[in-house]
Amino acid sequence: MHEDIPETGVTFHENAKQKTDYLVNKYGLNCFGDDSGLEIDALNGEPGVYSARYSGSVIWKKILIWF
């Protein structure tokens, strides 16, 4: 089974809850949800929940500015 479950939350907790709610509602399964990403202090906690979608060009510009 492979389905793209929407992740529209602004926190890891919200995204994890969306995943579990989706599975409970669609399949009646009890489960745990998880969401993760990178929170880099030098980037003020970015990219956070947007880690998978973070643009390489944006992150490199921020890293180069920092250093």
*Could you work out Rg/(2.2 N^0.38 Å) for the stretch 1-48, with Rg from alpha carbons only?*
1.34
*Please find the FRET efficiency linking Arg53 to Cys31, where r is the Cβ-Cβ separation and R0 is fixed at 22 Å, and quote it to the nearest 0.05.*
0.35
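Every read-out reported here was derived from the displayed coordinates using simple, explicitly stated rules and does not represent laboratory data. Here the structure is a predicted model, which means the values were calculated and not measured. Neighbour counts run over all protein chains shown; Cβ positions are idealised from the backbone, glycine included.
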